[in-house]
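First the structure, in the form of structure tokens, and then the observations on it.
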Amino acid sequence: MSHRHASLLFLATSLLAAAPAMADLPDTATLYKNPQCGCCDEYARLLEQRGVDVTIVETRDIGSIKQRLGIPFGLGACHTIEMGGYAVEGHVPFAALDRLFEQHPDTAGIGLAGMPAGTPGMPGPRQQEWNVYEFRDGEARPFMTL
């Protein structure tokens, strides 16, 4: 192998090693949203870019879905996702999704309340830390801060 080929191989290997690890996400997900909400569609497109086949269910009764899945009161967001045996509430950053599916914690799901700017699917620059919570039986506790 020539010196040039060895250098290129080293560079390619170094770049792969430096790339952030991404967990294998489930193959499918169901995203529940209000029919008028466009940012939810964008989140679904971003999940699809990660290899997830997303079924979008438009409903005006998203509150009953949040209640069925145990989303803590007051910590809701514009959409709710069921994937891989977990509920995912809102525009959860993909680093938190990766952690969820790497660690498979004993929880009902994770969420990010509201619609913070700069999160996946939301326009605008990031304006604050993102406090992702995990929940079980309607009770929330910190999962990670990004």
Self-check item: Whether the stretch 33-105 is rounded, prolate or oblate, judged on the alpha carbon gyration tensor where a/c under 1.5 counts as rounded
Solution: oblate
Quiz prompt | Ranking of MET144, MET83 by count of other Cβ atoms within 10 Å, fewest first | solution = MET144, MET83
Quiz item: What does the charge count near LYS66 come to, summing +1 for each Lys or Arg and -1 for each Asp or Glu among other residues with Cβ under 12 Å from its Cβ?
Solution: -1
Exercise. Please give the peptides 25-31, 132-138 ranked by average Cβ packing (other Cβ atoms within 10 Å per residue), highest first, as a rough proxy for protection.
Key: 132-138, 25-31
Quiz prompt | Length released on extending from MET115 to GLN49, taking residue separation times 0.36 nm less the Cα-Cα span | solution = 21.7 nm
Quiz item: Which order, highest average first, do 117-125, 71-79 follow once you tally other Cβ atoms within 10 Å for each residue and take the mean per peptide?
Solution: 71-79, 117-125
Quiz prompt | Intensity falloff of the stretch 65-124 expressed as log10 I(q)/I(0), Debye formula with alpha-carbon point scatterers, at q = 0.13, 0.16, 0.21 Å⁻¹ | solution = -0.31, -0.47, -0.80
Practice problem: Please express the Cα-Cα pair-distance distribution P(r) of the stretch 3-145 as a list of whole percents, one per 10 Å bin, running from 0 to the bin with the greatest distance. | Solution: 11, 40, 31, 9, 6, 2, 0
Quiz prompt | the stretch 3-145: relative contact order in percent, alpha carbon pairs under 8 Å with at least 6 residues between | solution = 22 percent
Quiz prompt | Global form of the stretch 106-145, assessed from the alpha-carbon gyration tensor, a/c cut-off 1.5 | solution = prolate
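A short reminder: the numbers here are calculations on the coordinates, not readings from a lab. Computed from a predicted model, the values in this text were never measured in an experiment. Counting neighbours? That spans all protein chains shown, and the Cβs are built from the backbone with ideal geometry, glycine included.
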